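This report concerns only the one structure given below.
The values are calculated or read from the model by the stated rules, or taken from the named source; none is laboratory data. Treat the numbers as computed from the prediction; the structure is a model and nothing was measured. Every residue, glycine as well, gets a Cβ built from its backbone with ideal geometry; the counts of neighbours run over all protein chains shown. SASA here: full protein model, heavy atoms, side chains in, ligands and nucleic acids out. Shrake-Rupley method; radii C 1.70, N 1.55, O 1.52, S 1.80 Å.
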Amino acid sequence: MVPTYRFRAAEILTITIGIAIAYLTIFPSFAHSEWYVGGYGGMSTTGNLSDVTMPAYGQRLAFQQFPLADPSIGAASLTQTFKASDLKLESSPIFGAKAGYFFTEEKLPWLGVEVEAFTSNPTINSQTLTTNQTIFFTPSQITLPCNANPQNCPGAFVKNDPLVLTESSLRVVTVAFNVIARYPGQMLQPYIGVGGAGFYFQSSTGSIQGRQWAPGLNALAGIKLLVTDEWGLFLEGKYNLASISNLDQTFGLSATYSVFHGVAGVAYHF
């Protein structure tokens, strides 16, 4: 797996440096401003997919319990919700690259913008989930007494059966545009940032299989040590938040993605 991660990191770094060169070509007046590029690696800490719902799976279970509600069979009315406990994610290596610009020549050396891209593989562990399904059923007509055949009876029904999931691969690629605020010190530069991001989720093996782009939040804080006027080393923490909806066809997984990352890297200022 390590060679694959390195290959992806090299791809991201090459693309990001290319973006920076394109900026300098398109906007030559910025050529002597404070541009920078950087690359980094670290760990994506153990996180969760929270607020989990599985509408596709719940709908199939409901139709199994109340077959007359299937539109292809009868005209009964059925609505349902299927909620599950959090899905635990494994920690994962993370690699990425960034390019940015500080408004030094505009007399705002503390303010900057940057674009970054990074990738991780937070595998969905094998696990048993607790679930809660509520079904509201209204048959088109009651043909038998309710105590003889509950499937013909209207009402609300609650089920709490465990759900076993096998391990599922999950790759997350993030592209973010951040606004950065820093203390423009000569050697140490603490900074914070926040931005909008696009998250690409892909799972190709295991119980959960699907892919999806989703918007979300990328927040960060770090400190940079300037070794020379051009080169700097930095430590950075990131927090990502996004929502996925109907990721796969089997379960229709919908959830909130919430993960912390810790990275270290090197940056070149020019």
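Evaluate the stretch 214-231: report whether one residue or more is among the charged types (D, E, K, R), surrounded by 14 or more Cβ atoms within 10 Å (Cβ to Cβ) and under 20 Å from the mean Cα position of the chain (by Cα).
No, the stretch 214-231 contains no residue that is among the charged types (D, E, K, R), surrounded by 14 or more Cβ atoms within 10 Å (Cβ to Cβ) and under 20 Å from the mean Cα position of the chain (by Cα).
Looking only at the stretch 249-263, count every residue that is surrounded by 14 or more Cβ atoms within 10 Å (Cβ to Cβ) and out of contact with any strand residue (DSSP E or B) (no Cβ under 6 Å at 6 or more places or on another chain) and tell me the total.
4
Under 6 Å by Cβ, and 6 or more places apart or on different chains, what pairs join a residue from the stretch 28-55 that is of a type in the set (A, V, I, L, M) and open to solvent by 40 Å² or more (accessible area, probe 1.4 Å) with one that is modelled with pLDDT of 85 or more and not in a strand (DSSP E or B)?
Partner pairs satisfying both residue conditions: MET43/SER91.
Any residue at all in the stretch 241-248 that is touching a Lys or Arg at 6+ places or on another chain (Cβ under 6 Å) and buried (at least 20 other Cβ atoms within 10 Å of the Cβ)?
No, the stretch 241-248 has no match at all.
Here's the yes/no breakdown for (1) part of a strand (DSSP E or B); (2) in contact with a Leu (Cβ under 7 Å, 6 or more places away or on another chain):
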{"position": "VAL172", "(1), (2)": "yes, no"}
{"position": "ILE208", "(1), (2)": "no, yes"}
{"position": "ASN218", "(1), (2)": "yes, no"}
{"position": "THR228", "(1), (2)": "no, no"}
{"position": "GLU236", "(1), (2)": "yes, yes"}
{"position": "GLY252", "(1), (2)": "no, no"}
{"position": "PHE260", "(1), (2)": "yes, no"}
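Kindly indicate the residue of the stretch 90-108 that is of a type outside the set (Gly, Ala, Ser) and in contact with a strand residue (DSSP E or B) (Cβ under 6 Å, 6 or more places away or on another chain) and also nearest to SER203 (Cα to Cα) among those meeting that condition.
This residue is ILE94.
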